[in-house]
Amino acid sequence: MKILIIDDERSIRNSLGEILSDEGYIVETAENGTEGLEKALKGHYDIIFCDIKMPGMDGVEVLEKLSAEGTESAVVMISGHGDIETAVECIKKGAFDFIQKPLDLNRILITIKNATDKTKLVTQNKSLKKKVFGGERMVGESAAICAVREMIEKVAPTPARVLITGGNGSGKELVARSLHALSDRAAQPYIEVNCAAIPSELIESELFGHEKGSFTSAIKQHKGKFEQADGGTLFLDEIGDMSLAAQAKVLRVLQENKLSRVGSDTDIKVDVRVIAATNKDLRAEIEKGNFREDLYHRLSVIVIRVPGLDERKEDIPLLVDYFVERICTETAMPRKTFSPEAVKMLQERSWKGNIRELRNVVERLLILGDDVISAANVRSYVM
């Protein structure tokens, strides 16, 4: 852990620095606010101890400038007896805590522990959000994708169920995540289920849970995805591949807001917003007897159709730039650029695999292509 001490009193800097160094922390010091601010902005510090009363730039100014820069360091103000009101104001302006002079070792160590715990929670929260939402965003300025964005913004704050349609790789999952992220359930669980990836004999257990001993491999009680998503959002991807038996149970949950686990007659109440997606024509599946019409009407309060990439080719240059940045950042791969001719060739081809296929093609060209990816590279590795 790296700590910065900003204080105009040498005795405070030295004594606090020695104490924290003995505790195993990496410590740097600054003798005034200007020097401290410069160090804080250039380096990364987990915690910054900053005196309030200093000549020139005081601690309040340092805090305000750090807050304006969006620093992630925990700033702890050091206050004298006459500075308590100011210290309280600093808390309102974003300081993590304040410590009163004379400094007490136990108080300092407790503050460091609390700041560390908070930093860990913030980091974990960011990591979880990145895992859930993939750090992805909807890229493009075409009329087709702008219409989808507008629909998401209108629908997300409501409790309405949404059916997302579109081809494989067109970005249906991203639409579902955006609907959750912009809803009043954003802080609650977001659970995804790929109905096509779960064997039909296990889908009911996966969705509704089971009791111990309800079937051969049920060695313990299991909460299903509906229970896991209680209070939040359940995304049923590839809903058109769900068995009719499971469809009937999903319909009951949507009608009554309650379910029963496999092997149990006890009802469990749930509060879940269901978002479904499919690449199939569900009306045609209804005609074939493969999908329940009553479930279709329950799921399709709002229908959002995600356009295929062939319908929004004007977005390909923006998407290429986005994927180059994202892939190179994730893999530490050297950044390359695409020539205008290469981008034009990508715009001219057909994209049956949609956005997912384009991403794979960009990654392939980054690996195999020249420093400036040319039309010849596209012909060699894509066409």
If you go through segment 260-286 one residue at a time, how many are under 31 Å from the mean Cα position of the chain (by Cα) and closer than 26 Å to residue 155 by Cα? 14
Scan segment 146-161 and give yes if some residue there is outside any helix (DSSP H, G or I) and either among the hydrophobic types (A, V, I, L, M, F, W, C) or outside the structural domain of residue 232 (by TED's automatic domain parsing) (or both), otherwise no. yes
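Yes/no matrix, rows are residues, columns are (1) at negative phi; (2) out of contact with any Asp or Glu (no Cβ under 9 Å at 6 or more places or on another chain); (3) at pLDDT 85 or above:
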position	(1), (2), (3)
68	yes, yes, no
78	yes, no, yes
113	yes, yes, yes
130	yes, yes, no
137	yes, yes, no
145	yes, no, yes
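Taking the conditions exactly as written (out of contact with any His (no Cβ under 6 Å at 6 or more places or on another chain), more than 30 Å from residue 350 (Cα to Cα) and at pLDDT below 95), does residue 262 satisfy them or not? Before the answer, list the steps.
Values: out of contact with any His (no Cβ under 6 Å at 6 or more places or on another chain): no; more than 30 Å from residue 350 (Cα to Cα): yes; at pLDDT below 95: yes.
Judged against the criteria, residue 262 is not a match.
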Positions within segment 327-374 being farther than 16 Å from residue 308 by Cα and in contact (Cβ under 8 Å) with a residue 40 or more places away in the chain, in sequence order: 362, 363, 366
Residues satisfying the stated conditions in segment 344-378, i.e. at pLDDT 95 or above, buried (at least 19 other Cβ atoms within 10 Å of the Cβ) and outside any helix (DSSP H, G or I): 351, 373
Test each condition in (1) within 21 Å of residue 114 (Cα to Cα); (2) buried (at least 17 other Cβ atoms within 10 Å of the Cβ); (3) in contact with a strand residue (DSSP E or B) (Cβ under 7 Å, 6 or more places away or on another chain) for residue 2 and report the one that comes out false. (2)
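Would you mind stating whether residue 200 is in contact with a Gly (Cβ under 8 Å, 6 or more places away or on another chain), surrounded by fewer than 17 Cβ atoms within 10 Å (Cβ to Cβ) and among the hydroxyl-bearing types (Ser, Thr, Tyr)?
Values: in contact with a Gly (Cβ under 8 Å, 6 or more places away or on another chain): no; surrounded by fewer than 17 Cβ atoms within 10 Å (Cβ to Cβ): yes; among the hydroxyl-bearing types (Ser, Thr, Tyr): yes.
Criteria not met by residue 200.
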Considering 104, 83, which residue is modelled with pLDDT of 75 or more, surrounded by 10 or more Cβ atoms within 10 Å (Cβ to Cβ), among the charged types (D, E, K, R) and in the same structural domain as residue 24 (by TED's automatic domain parsing)? 104
For segment 306-329, check the following and say yes or no: at least one residue is outside any helix (DSSP H, G or I), under 20 Å from residue 375 (Cα atoms) and of a type in the set (Phe, Trp, Tyr). no
Neighbours by Cβ (under 8 Å, 6+ apart or cross-chain): first from segment 82-96, farther than 10 Å from residue 60 by Cα; second in a loop (DSSP other than H, G, I, E, B): 83/52; 83/53
Within the bounds of segment 208-222, is there any residue that is of a type outside the set (Val, Ile, Thr), outside any helix (DSSP H, G or I) and under 19 Å from residue 298 (Cα atoms)? no
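Considering each residue of segment 171-187, count those that are surrounded by fewer than 17 Cβ atoms within 10 Å (Cβ to Cβ) and either among the polar types (S, T, N, Q) or in contact with a Phe, Trp or Tyr (Cβ under 8 Å, 6 or more places away or on another chain) (or both), and give that number.
Step one: filter segment 171-187 for residues surrounded by fewer than 17 Cβ atoms within 10 Å (Cβ to Cβ), giving 181-182, 184, 186-187.
If we keep only those that are either among the polar types (S, T, N, Q) or in contact with a Phe, Trp or Tyr (Cβ under 8 Å, 6 or more places away or on another chain) (or both) too, we end up with 181.
Here the count works out to 1.
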Matching residues, segment 169-185, being more than 11 Å from residue 138 (Cβ to Cβ) and part of a loop (DSSP other than H, G, I, E, B): 169, 170, 182, 183, 184, 185
Which of the residues spanning segment 284-305 are under 16 Å from residue 242 (Cβ atoms) and not in a loop (DSSP other than H, G, I, E, B)? 284, 285, 286, 288, 293, 294, 295, 296, 297, 298, 299
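Right, residue 61: surrounded by fewer than 22 Cβ atoms within 10 Å (Cβ to Cβ), at pLDDT 90 or above and farther than 21 Å from residue 114 by Cβ or not?
Numbers: surrounded by fewer than 22 Cβ atoms within 10 Å (Cβ to Cβ): yes; at pLDDT 90 or above: yes; farther than 21 Å from residue 114 by Cβ: yes.
Yes.
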Among (1) more than 30 Å from residue 248 (Cβ to Cβ); (2) in contact with a helix residue (DSSP H, G or I) (Cβ under 6 Å, 6 or more places away or on another chain); (3) in contact (Cβ under 8 Å) with a residue 60 or more places away in the chain; (4) hydrophobic (A, V, I, L, M, F, W, C) - the single one residue 302 does not satisfy: (1)
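The values are calculated or read from the model by the stated rules, or taken from the named source; none is laboratory data. Quantities reported herein were computed from a predicted structural model and do not represent experimental measurements. Cβ coordinates were reconstructed from backbone atoms using ideal geometry, including for glycine residues, and neighbour counts include every protein chain displayed.
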